[in-house]
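This report refers to the structure that appears directly beneath it.
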Amino acid sequence: MNTAFIALGSNLDSPIQQIQSALKSLHTLGDVTGISSWYQSEAIGPTQQDFLNGAVRLETPLPPLELLEALQQIEWDHHRKRITRWGPRSLDLDILLFNALSYYSKRLEIPHPRTTERAFVLLPLLDIDETLSLPGGEKISSFLPKVAYQSLNRLDSINDYR
């Protein structure tokens, strides 16, 4: 089995329902063994509604590229349209970490290239495992000071997203 950390985000078409449905779909790819708190974050890119963000730890038999294809199918099933980079989306699923693997291809980069630059990625990862490290051994928590300026609201419940 492989351990993957997957980011989830949505700001279109009933984000709470998009995320809840995506969580059910992720269970078909393996065992979800950790779920972060949920966060409301300002969108990066064009002006748009805030995002609902979180992450899961997934134990899966799938190798990285097959997992990517499965995640993209889930996005497609949730009517994801890739029109504008960093634009609004019904569902965004990203592989953040996969085992202790460093991997690069045209289709996939692990760790996700902006993992250490975004509070809405770092905090959910640390919610799941506060000792988590990048493949090179650098602690995820060591990047928090670099993102302290980013606006992020931890929600008491996924239903608190507005």
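The values are calculated or read from the model by the stated rules, or taken from the named source; none is laboratory data. Just so you know, these numbers come straight off a predicted model, no measurement behind them. Using ideal geometry, Cβ is built from the backbone for each residue, glycine included, and neighbour counts are taken over all protein chains shown. The area values use the complete protein model at the heavy-atom level, side chains included, leaving out ligands, DNA and RNA. Shrake-Rupley method; radii C 1.70, N 1.55, O 1.52, S 1.80 Å.
Put simply, the C-alpha atoms of segment 1-84 give a gyration tensor, and the ellipsoid matching it has half-axes of 23, 14, 11 Å, longest first. Within the accessible surface of the chain, defined with a 1.4 Å probe on protein heavy atoms only, the carbon and sulfur portion equals 49 percent. Over all projection directions, the Cα-based convex hull of segment 86-125 averages an area of 3.5 nm². So which GluC sites (Glu not before Pro) in segment 99-158 pass both tests, a DSSP loop state and at most 15 other Cβ atoms within 10 Å of the Cβ? Passing both the DSSP loop test and the Cβ count: GLU130, GLU138.
Using the beta-carbon distance between HIS27 and GLU138 and R0 = 35 Å, what value does 1/(1 + (r/R0)^6) give for FRET efficiency, to the nearest 0.05? Calculated value: 0.70.
In this structure the chain gives 52 Å² per residue of accessible area when probed at 1.4 Å with all protein chains present.
Around ILE16, what is the net charge, scoring Lys/Arg as +1 and Asp/Glu as -1 over all other residues with Cβ under 11 Å from its Cβ? Combined, the nearby Lys, Arg, Asp and Glu give -1. The mean sequence separation of alpha-carbon pairs under 8 Å and at least six residues apart, normalised by the residue count of the chain, gives a relative contact order of 30 percent.
If you wrap the tightest convex hull around every Cα atom of the chain and split its volume per residue, you get 109 Å³. The string of couplings for segment 105-110 from the Karplus curve (6.51, -1.76, 1.60, θ = phi - 60°) is 8, 4, 8, 8, 10, 10 Hz, one whole number per residue in order, with x for Gly and Pro.
Electrostatic tally near THR115: other residues with Cβ closer than 13 Å to its Cβ, Lys and Arg +1, Asp and Glu -1, net 0.
When the chain is treated as a Gaussian network with alpha carbon springs shorter than 10 Å, the biggest mean-square fluctuation among ASP13, ASP50, ASP94 belongs to ASP13. The slack in the chain from GLN49 to SER157, taken as 0.36 nm per residue of separation less the alpha-carbon distance, amounts to 37.0 nm. Between TYR103, TYR149, TYR39, which gets the highest mean-square fluctuation from a Gaussian network model of the chain, Cα cutoff 10 Å? Looking only at TYR103, TYR149, TYR39, the largest GNM fluctuation is found for TYR149.
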